[in-house]
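K.L.:
One structure is given below, represented as structure tokens, and several questions about it will come after.
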Amino acid sequence: MTNQINHNSNSRWYSCSLVLVFMFQAGCATTPYTSVRQHPEFQSTKADFAKVVLFPPDVTFEHMVFNGDNQRMAGKEKSLADSLVNMTPKALADRGYQISPFTFEQAAQEDSEFAFEMEQLRDAYGRASIELYDKAMVKVTESRNFKKSVGTVVNQFCERAEANAMLVTRFYGFDKSGGVMAKEIISAALFAALTGSYPMYPAKGSAVEVALLNCTTGDVLWSNAKANGTVSADVLKLALDELPHR
């Protein structure tokens with residue numbers, strides 16, 4: 001399967017600062033807090049969502065440079081997207097889900113209207129995500145009461161794929177040039193001189209957001225967001241390991 005990578009401004013769904021927030025809070029949060037968001041009816045209806053179609057992952061990777069004109073790295077994005085696509089079926093199968101073999105890219109190449117509607121779905125999920133993750137971590141008791149939807153834009157894709165759920169994946173990664181790292185070392189030294197505390201500035205990092213959508217209503221059934229200090233699609237496994245078994 002080939003991957004369509006969205007290069008418009010909406011694909012820049014995570015700033016570096018938000019990645020660092022997830023990295024910090026994931027390391028410091030106690031058990032009652034989670035990055036999971038779940039529809040209140042998902043636990044009782046999850047058996048109804050056996051067959052999942054995989055929406056092409058939306059991947060952004062940036063090389064951060066001294067002048068702030070960060071560089072998108074298309075080759076790296078393609079490699080990361082391929083890795084995400086390759087590891088997702090097994091991760092879902094391990095949780096009891098079946099995968100639809102539907103190929104979005106072929107359909108988009110054959111039908112320009114279909115490609116446009118794919119962008120509409122990306123935008124719809126982007127809007128839902130802003131509300132889902134206005135805070136990185138929430139109490140576990142709060143995490144089971146999220147009611148967000150992408151609307152009926154999802155319906156036609158699922159009908160073609162003969163699926164009753166869709167998985168949407170978004171990935172952001174970055175690394176830094178030597179100039180950026182040198183600037184941060186100086187900044188950290190000044191901060192430490194003033195406060196007595198030395199801040200840490202990771203040289204690289206990545207984050208993933210993954211969501212399971214109801215193909216009939218467009219409701220976000222379940223979502224999770226994870227980040228770590230490496231640039232690897234393996235961060236997806238951290239997120240999907242918390243998906244409930246069917």
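K.L.:
List the equivalent ellipsoid semi-axes of region 84-147 in whole Å, largest first, each obtained as the square root of 5λ for an eigenvalue λ of the Cα gyration tensor.
P.N.:
28, 20, 9
K.L.:
Which far-off residues, 5 or more places away or on another chain, put their amide H under 5 Å from the one on Lys176, with H placed in the peptide plane?
P.N.:
Counting only residues 5 or more places away or on other chains, the set is Met64.
K.L.:
Between Glu162 and Asp69, what is the label-point separation in nm under the 7 Å Cα-to-beta-carbon projection?
P.N.:
Label at Asp69, label at Glu162, 5.2 nm between them.
K.L.:
Same structure again: Using unit Cβ charges (K, R positive; D, E negative) and no other charged atoms, how large, in debye to the nearest 20, is the dipole of region 69-153 about its Cα centre? Let's see the in-between values first.
P.N.:
Details: 12 positive and 14 negative charges, 134 e Å.
So the dipole magnitude of region 69-153 works out to roughly 640 debye.
K.L.:
Taking the beta-carbon count within 10 Å as an exposure proxy, list Tyr33, Tyr97, Tyr172 from fewest neighbours to most.
P.N.:
Taking fewest neighbouring Cβ atoms as first place, the list is Tyr33, Tyr97, Tyr172.
K.L.:
Oh, and also: Just going by the charge dipole of region 29-117, with Lys and Arg at +1 and Asp and Glu at -1 on Cβ, which of Phe116, Val36, Asn67 is farthest out on the positive end?
P.N.:
Positive-end residue among those listed: Val36.
Every read-out reported here was derived from the displayed coordinates using simple, explicitly stated rules and does not represent laboratory data. Not measured: the values here are computed from a predicted model. Positions of Cβ are backbone-derived with ideal geometry, glycine not excepted, and every protein chain shown enters the neighbour counts.
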